[in-house]
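Report on the following structure.
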Amino acid sequence: MPLRSDWSSSTCPIAHAADVLADPWVLLILRETFSGRARFDELRDATGAADSVLARRLRSMVEAGLLDHDRATGYRLTDQGAQTLPVLHAYARFTRAVDPDGPWGLTIACARCGAVADAADWCASCGQPLDATTTTWARRSMGGEPFRLHVGAAA
């Protein structure tokens with residue numbers, strides 16, 4: 001018996017996206033690949049996933065077109081995978097909204113103007129879209145310094 005429903009053939013775009021993205025491990029793997037981690041051991045250590053769990057999720061993410069895999073360089077976000085960035089930003093924004101004083105260690109900012117992002121997909125300060133090429137993150141777990149996101153083979 002499956003652990004959850006299969007929405008892969010649904011005509012509802014939210015159900016279809018949930019079929020691919022509604023797994024906490026997938027979201028954490030996306031976070032780490034945007035942060036530049038590409039190798040299996042790096043992803044395992046950063047997410048805390050068991051080897052078997054991580055291997056299954058990475059395989060499904062490659063099959064879904066979110067990641068490419070090269071034995072020499074590891075896992076990289078595809079263009080389709082890069083389109084998930086607003087989803088991750090929405091999760092971070094939601095968490096900050098319900099607990100603004102929490103110990104959150106991810107700051108999302110516009111790479112153009114430097115303003116901290118207040119929306120999932122656009123900069124309220126300069127009015128420009130936020131995507132994987134125009135966004136910086138600062139992660140407490142990675143030293144707190146802002147960095148550009150990693151996508152594609154040239155990460």
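The values are calculated or read from the model by the stated rules, or taken from the named source; none is laboratory data. The model shown is predicted, which means the values in this text are computed figures rather than measured ones. We place every Cβ from the backbone using ideal geometry, glycine too, and count neighbours over all the protein chains shown.
A few points about this structure:
- For segment 102-155, the set of residues classified as surrounded by fewer than 17 Cβ atoms within 10 Å (Cβ to Cβ), outside any loop (DSSP other than H, G, I, E, B), in contact (Cβ under 8 Å) with a residue 24 or more places away in the chain and not basic (Lys, Arg) consists of Thr107, Ala138, Ser141, Met142, Phe147, listed by residue number.
- Just one of the listed residues (Arg44, Arg112, Arg39, Arg57) is over 20 Å from Ala22 (Cα atoms) and not assigned by TED's automatic domain parsing to the domain that holds Gln128, namely Arg39.
- Qualifying residue in segment 34-45 (condition: under 24 Å from Cys126 (Cβ atoms) and of a type outside the set (Ser, Thr, Tyr)): yes
- Going through (1) touching a Lys or Arg at 6+ places or on another chain (Cβ under 8 Å); (2) more than 24 Å from Pro24 (Cα to Cα) one by one, Leu88 falls short only on (2).
- When Leu66 is tested against (1) farther than 17 Å from Ala38 by Cβ; (2) without any contact (Cβ under 8 Å) to a residue 60 or more places away in the chain; (3) surrounded by 12 or more Cβ atoms within 10 Å (Cβ to Cβ), exactly one condition is not met: (1).
- Matching residues, segment 82-101, being hydrophobic (A, V, I, L, M, F, W, C) and touching a residue at least 40 places away in the same chain (Cβ under 8 Å): Ala82, Leu85, Val87, Leu88
- Test: residue in segment 61-76 that is on the phi > 0 side of the Ramachandran plot and in contact with a helix residue (DSSP H, G or I) (Cβ under 6 Å, 6 or more places away or on another chain): yes
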